[in-house]
1. Here are the criteria: (1) buried (at least 18 other Cβ atoms within 10 Å of the Cβ); (2) farther than 25 Å from His48 by Cα. Tell me which single one Leu171 does not satisfy.
2. Are there any pairs, at least 6 apart or on different chains, whose C-beta atoms fall under 8 Å, with the first in the range 108-124 and surrounded by 13 or more Cβ atoms within 10 Å (Cβ to Cβ) and the second among the aromatic types (Phe, Trp, Tyr), and if so, which?
3. Could you check Ile10 against (1) among the aliphatic types (A, V, I, L, M); (2) under 19 Å from Leu193 (Cβ atoms); (3) surrounded by fewer than 17 Cβ atoms within 10 Å (Cβ to Cβ) and say which number it fails?
4. Residue pairs, Cβ under 8 Å, 6 or more apart or interchain, first in the range 17-34 and in contact (Cβ under 8 Å) with a residue 12 or more places away in the chain, second of a type in the set (Val, Ile, Thr) and surrounded by 15 or more Cβ atoms within 10 Å (Cβ to Cβ). List them.
5. If Phe3 passes every condition in (1) surrounded by 17 or more Cβ atoms within 10 Å (Cβ to Cβ); (2) more than 19 Å from the chain's Cα centre (by Cα); (3) part of a helix (DSSP H, G or I) but one, which one does it miss?
6. Across the range 102-125, what is the number of residues that are among the basic types (Lys, Arg) and under 21 Å from the mean Cα position of the chain (by Cα)?
7. With over 20 Å from Lys100 (Cβ atoms) and either at pLDDT 95 or above or not hydrophobic (A, V, I, L, M, F, W, C) (or both) as the only criterion, which of Ser187, Ser210 stands out?
8. Conditions: (1) closer than 23 Å to Pro127 by Cα; (2) touching a residue at least 40 places away in the same chain (Cβ under 8 Å); (3) surrounded by fewer than 17 Cβ atoms within 10 Å (Cβ to Cβ). Ala180 meets all but one. Number of the miss?
Amino acid sequence: MLFKKVHAIIILLSGAGAILSYYFEHDFLYYFLKPITTVLILLFALIHGHRSEKEILKMTIYGLFFCLLGDILLMKDTFFVYGLLAFLVAHILFIISFVKIDGFKNYFKPFVLLLLFGGMFYAFLYPNLGSLALPVLVYVICIALMAWQGAGLYIWKKKKPFLYILLGALLFMISDSIIALNKFVYSFELSKLVVMTTYWTAIFLIAKASTMRKKVL
């Protein structure tokens, strides 16, 4: 338990260091700490995740690995599409891990809300997407589906691990939305702070849920 808490603190410090190094323009430190923070979160699931849920845990770890790959690729604007693809795979793997817990959840209310948000957001981005219109549409559908299944788990059982999954999925959606706004519509100074904070919080909550689910399944 102590090691788990220390591990979480190290993740927090690494993420804070990456954000500070970005804004103070210490490029070497930023390019080192950014992927290291995601590696630490991946290791959190790998080390502390419940082995009794082997297949579910495996999908979560694979998803975190593709998040790491996406992190690395998005460091260069020229690799944006490849980074998008890596995160798309990550979302698909997270969806699989959520569905493996207790099957596909088809609750109507979160579906409608996420459909409305995703549709309006995509319509807002569309005039600026150009050749990326189709890839971004696929991505929006995928992350909305991930959030829908995360919401479904919490509606199914209102337990802390599923709350973490729901919050993680929603924060991931916020992070990706800010990235899209920053790239296609309007760039603002604090976007990196918002993106990295919501993103790392999102994947940490998903990783943390994998260490707790044995208590509620």
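1. Condition (2) is where Leu171 drops out.
2. Pro110/Trp148; Phe111/Trp148; Leu114/Trp148
3. (2)
4. Filtered contacts from the range 17-34: Ala18/Ile36; Ala18/Thr37; Ile19/Thr197.
5. In the conditions (1) surrounded by 17 or more Cβ atoms within 10 Å (Cβ to Cβ); (2) more than 19 Å from the chain's Cα centre (by Cα); (3) part of a helix (DSSP H, G or I), Phe3 misses (1) alone.
6. 1
7. On inspection, the qualifying residue turns out to be Ser187.
8. (3)
The values are calculated or read from the model by the stated rules, or taken from the named source; none is laboratory data. Quick caveat: nothing in here was measured; it's all calculated off a predicted structure. Note: ideal-geometry Cβ built from the backbone for every residue, glycine included; neighbour counts use all protein chains shown.
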